[in-house]
Amino acid sequence: YTGFSSSARTQLTCPALPPSLCMTNCPTLIVMVGLPARGKTYISKKLTRYLNWIGVPTKEFNVGQYRRDLVKKYKSFEFFLPDNEEGLKIRKQCALAALNDVRQYLSEENGHVAVFDATNTTRERRETIYKFGEENGYKTFFVESVCVDPEVIAANIVQVKLGSPDYVDCSNDEATEDFMKRIECYKNSYETLDENLDKDLSYIKIMDVGRSYLVNRVMDHIQSRIVYYLMNIHVTPRSIYLCRHGESELNLKGRIGGDPGLSVRGKEFAKSLAQFINEQNIKDLKVWTSQMKRTIQTAEALGVPYEQWKVLNEIDAGVCEEMTYEEIQENYPLEFALRDQDKYRYRYPKGESYEDLVQRLEPVIMELERQENVLVICHQAVMRCLLAYFLDKPAEQLPYLKCPLHTVLKLTPVAYGCKVESIFLNVEAVNTHRDKPEVRMLKLLLQSLLISEGADQPSNLGAVFICCFKIH
């Protein structure tokens, strides 16, 4: 059936399968390695966000959080001293609890990748985790962050650790002093991944936040994607500006897709955008557009060089290109209802789904991670996909993120997330956003449509309903 994406078609014939893409032939356990304040949690969170965005179910397990949940009140660095038997007992208990949750997630909850975020600084501890992976049929991949640059370490302590729940009742100076002593507790027993001693392990070793890398025994597709991603991220302060093109002639008519030019108000927005960008005085700003007329016309007003990316083109609506939603509902009523039911995975006949669009946009995300300040002038569906990546939004929410015309979103990466500023440039435009419809109404509509289409046999109808409604 042309209206279903490949994953949805699979569900029609085998409803028990999960809707996500299967990119792993067996679960993967990612094990972080490194002293405190080396960016392990930063890497863990970014990696988890990226893998979930491309459709690989991933979850992070931070052993420090298990410790905070168990020991309600942190006292001092002495808890981490190697001769503190009570501290060692609690830390081991927390690590085992986290590994048990890893097992449940990967073996019982259809997870594909688990990120085990802890120091794991001794070879003995890593061997224990590796055996745990072997016993449960997981592929284990180590990610070590090594940092000797005192400025990077100090910056990490200030940005992340001083805001930790461990130090809510401390001054900055007291927190810094205690945390530096905590680091010393690990240094004597720290055994870094070694080219000879650990030659049989799969790992990537990251030196000084990307100054250099050591990669060993990458075993499969998912590990290669992880390595490629980690070799592209950086921590240089920057901002990413996202906006849609100015209002187009087809926007005014309520029609989707096509390759129209800007409306009068769209051209006014382009001028306002140029003024806004000029006032921001952004260092070394790069400007990217799609290859569609409306984004190019918007960028032209800036009077600066810009790069055209075909992959930034709007989602392909297939046979529904240049139609209004009313026309789609009239001419393709079943398609209209099915798309509203699972907007992320539904594929337009001869067109694309949001799931397809995410895969198409992965090179853009990789390049955005490599760059510093960038303005991306794109389209509604494209902007939703990019925004979902940076804000860690799940697939079900992605197609309903609000990305209004004539509004710039400024995204500034912070410690474990992204700060968002929304700037409306005071040029009115039509509203192209459609809220998610009520499930109850869609069920009634689909039932009547399917029966009228001849799908009134209980087995057929049940299969379609399993496909359409299981995500709810």
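The values are calculated or read from the model by the stated rules, or taken from the named source; none is laboratory data. Since we're looking at a predicted model, the values are computed, not measured. So basically every Cβ, Gly included, is an ideal-geometry build from the backbone, and we count neighbours across all protein chains shown.
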Checked the stretch 107-128 for anything at positive phi and either surrounded by 15 or more Cβ atoms within 10 Å (Cβ to Cβ) or part of a helix (DSSP H, G or I) (or both); matches are 120
Among the candidates 89, 131, single out the residue that is more than 27 Å from residue 197 (Cα to Cα), among the basic types (Lys, Arg) and part of a helix (DSSP H, G or I). 89
Among the residues listed as 186, 190, the single one being under 23 Å from residue 94 (Cα atoms), modelled with pLDDT of 95 or more and part of a loop (DSSP other than H, G, I, E, B): 190
Considering each of 355, 372, 367, 335 in turn, give the residue that is within 23 Å of residue 273 (Cβ to Cβ), among the acidic types (Asp, Glu) and part of a helix (DSSP H, G or I). 367
Which residue is nearest to the chain's Cα centre (by Cα), if the candidates are limited to the stretch 193-216 and must be among the hydrophobic types (A, V, I, L, M, F, W, C) and in a loop (DSSP other than H, G, I, E, B)? 209
Could you check residue 51 against (1) within 24 Å of residue 174 (Cα to Cα); (2) in a helix (DSSP H, G or I) and say which number it fails? (1)
Quick check on my filter: what residues within the stretch 337-390 are closer than 21 Å to residue 418 by Cβ, out of contact with any Phe, Trp or Tyr (no Cβ under 9 Å at 6 or more places or on another chain), touching a residue at least 60 places away in the same chain (Cβ under 8 Å) and crowded, with 18+ Cβ neighbours inside 10 Å? 379, 380, 382, 383, 386, 387, 390
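Only one of 169, 101 is more than 25 Å from residue 46 (Cα to Cα) and either in contact with a Ser or Thr (Cβ under 7 Å, 6 or more places away or on another chain) or of a type in the set (D, E, K, R) (or both); which?
169
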Within 16 Å of the chain's Cα centre (by Cα) and either at pLDDT 90 or above or at positive phi (or both): which single residue out of 395, 415 fits that description? 395
